[in-house]
Amino acid sequence: MVLSMDRWTGKVAVVTGASSGIGAAIAEALAKEGLQVVALARRKDRLEDLTKKVNNQKGRIIPIQTDISVETDILNAFTWIRNNLGPIHILVNNAGVVPPFSGILDGQSESWEKLYKVNVFGLCICTREAVKDMQENKINGHIVHINSIMGHEVIKRPYLTLYPSSKFAVTALAETLRLELMNHKSKIKITSVSPGLTDTDILTGAKKESRHKILEPQDIADAVLYVLSTPPHVQIQELTVRTLLHD
């Protein structure tokens, strides 16, 4: 199997939650490979800093301030991309939140709503819009969901609350999308990438608790480049990334 990113050079990639951590690492890695990377996130200042950081790469980063929990924000962003950059070839659904402790027995509805709006509904809306664009332009693109090992197993860590349930949904949604695309005889790929504990802002409590070295955002960016580098006939459905000595 020959791995190559050449066919994506100059193409448009959309990365959600791109202002820091895994999303920022993925956006930077794709820009280095020569893609036009649309970085979506709420924190405009972080997006602008990221844009300056990759100014001299083969590709570029185009920041669009977007709240993934707000459908109109997403739709406006995708409309701008279609009107100004052309068809989308890659979507990386990375945006995710872990709200303050909000368990089933004593949680707040607002906290639950925020969790699912970003981790599930926002992911679905972005996927729908990207796939629609790919199909209209006959693009054999690639959708990547940044999932989690907690999308496959519930870990007994109380501060994570309902987070695993949102990631279990991502696991199911990736397979649902694969089946829908197959039913349409589409050559668009879907990959779920499930990292273990990673050094980002989202899991501060887990970082402190971990007994071993944890993953870096660049490790996950490298995993995304790997799945994107596979030949057109190869689809990596699920890629789990852990440290060698994991918790």
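The numbers here are math on the coordinates, done by the rules we state, and not lab data. Quick caveat, the model's predicted, so the values are computed rather than measured. No Cβ is skipped: glycine too gets one built from the backbone with ideal geometry, and neighbour counts run over all protein chains shown.
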- Message: What is the distance in Å between the Cα centroid of the range 215-240 and that of the range 8-54?
- Response: 17
- Note on the structure: In the structure shown, of LYS52/LYS117; LYS11/LYS132; LYS11/LYS52; LYS132/LYS167; LYS11/LYS53; LYS52/LYS138, the pairs separated by more than 27 angstrom at the C-alpha atoms are LYS52/LYS117; LYS52/LYS138
- Would you list HIS142, HIS184, HIS152 from fewest to most Cβ contacts within 10 Å? HIS184, HIS152, HIS142
- Message: Based only on other Cβ atoms within 10 Å, what is the fewest-to-most ordering of GLU129, GLU180?
- Response: GLU180, GLU129
- Query: Which aspartates and glutamates, on any chain, are close to LYS213 with Cα under 18 Å apart, when same-chain ones fewer than 8 places away are left out?
  - Reply: ASP199, ASP201, ASP222, ASP247
- Residue exposure sequence - LEU162, LEU197, LEU228 - by fewest surrounding Cβ within 10 Å: LEU162, LEU197, LEU228
- Task: Could you work out the relative contact order of the chain, using alpha carbon pairs under 8 angstrom and six or more residues apart, expressed as a whole percent?
- Result: 19
- Item | Rounded tilt (10° steps) of 123-136 against the dominant C-alpha axis of the chain | 10
- So how long is each side of the range 6-241 along the principal axes, counting just the alpha-carbon atoms, biggest first, in Å? 47, 42, 35
- Sort 24-31, 79-86 for me by packing, meaning the mean count of neighbouring Cβ atoms within 10 Å per residue, highest on top. 24-31, 79-86
- Degrees between helix 163-183 axis and first principal axis of the chain (Cα, 0 to 90, nearest 10): 30
- Measuring from the longest principal axis of the C-alpha atoms of the chain, the long axis of helix 44-53 (C-alpha) lies at a number of degrees, nearest 10, equal to 60
- Note on the structure: Per-residue ellipticity at 222 nm attributable to helices in the chain (runs of n ≥ 4 DSSP H, -39500 (n - 2.57) apiece, nearest 500 deg cm²/dmol) works out to -12500 deg cm²/dmol
- Item | Prolate/oblate/rounded call for the range 56-95, Cα gyration tensor, a/c under 1.5 rounded | prolate
